[in-house]
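Engineer: The following block contains the structure, expressed as structure tokens.
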Amino acid sequence: MTTSQPRTTRPEGAPAWSPPLPEAPGFDHRVVETSGLRTHVATVGDGDPVVMLHGFPQHWWQWRDVAPAIAARGYRVLCPDLRGAGWTEADDPRVDRETRLHDLLALLDALEVERPHVVSHDMGAITAMQLTYEHPERVRTAVQLSVPPGFMRFSPRILPGFRHLPPFVWHRPGASLRGVLAEPYVAHPMPEGDVDAHLAPLRRPEVDAAVRPLTRGMILPEGLRMMRGTYRRRRLTVPTLVVLGRRDRPWTEDVMGRVCPDPARYADRLAFAYVDDAAHFIADDAPAAVADLALDWFDRAA
């Protein structure tokens, strides 16, 4: 796959991006230093800030088609690589439930971003959800992709939605994650070059080694909180749009109606949207639809 020579503010004399950044025209790249963390951030556009938090096993490049479409409407879109992913470097490999949340708050402060729109997917949606509940004053609106609301009720019908977790819990360094980017998680076969680009940072030992800590330290504890009803005892005040692919089973409209029967009981303003011909990796399956839904939500809910 070809790679670009992106504009960057990486310190002069620092090593080149390794592995090379995948191609995505129009993005600027920089490293933002906070305590114990050097976060790679890809940025496009100018205007009100939008922060996009990638899923797993992806990184900033997940937003290569979505972010420019949003930027074209007058927004500055920031796509950080979260701890344990992409080209971000951490001094400490340990991860607990809120590590990425603290990282994100430090990054927003360093970039002087007070109250952005936040678009998130998959594992990134966990951090975004924590942000909306713990620091609602820092979020203007939220768009949550492929992850149900934190206040959902448990049902045996949702168990297939967690079938991917055991391989992550017991991930062995060097084990392939290509199967995660294939059916049933995508509506259409993902081009091999795209799969290579998503998985390229796993060649970095610290990224490969982060799979277990992220799953055990963040995903499992947060999942248990959701199952125990922690978020059903709290109020979501940030206007939130939950977007799901119609081919992302088990998260169908019927199932969501059963596990989230009364959103107004738990949230001031929450809506669902469903995208045809899209599965879990919705930003790859239907980037134009994701961008349009996000922009419409920014306009309606801000």
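The values are calculated or read from the model by the stated rules, or taken from the named source; none is laboratory data. Bear in mind that the values here come from a model prediction, so they are computed numbers and not experimental data. Every residue, glycine as well, gets a Cβ built from its backbone with ideal geometry; the counts of neighbours run over all protein chains shown.
Engineer: Go through (1) within 24 Å of T141 (Cα to Cα); (2) exposed (fewer than 12 other Cβ atoms within 10 Å of the Cβ); (3) not polar (S, T, N, Q) for M226 and report which single condition fails.
Structural biologist: That leaves (2) as the condition not met.
Engineer: Moving on. What is the one condition in (1) modelled with pLDDT of 95 or more; (2) over 18 Å from the mean Cα position of the chain (by Cα) that P148 does not satisfy?
Structural biologist: The one condition P148 does not meet is (2).
Engineer: What pairs can you find where one residue is in the stretch 178-204 and free of Cβ contacts under 8 Å to residues at least 24 places away in the same chain, the other is among the β-branched types (V, I, T), and their Cβ atoms are less than 7 Å apart, with a gap of 6+ or different chains?
Structural biologist: Hits for this filter: R178/V195.
Engineer: Further question on the same structure: Looking only at residues in the stretch 131-145 that are assigned to a helix (DSSP H, G or I) and of a type outside the set (S, T, N, Q), which one is nearest to the chain's Cα centre (by Cα)?
Structural biologist: L131
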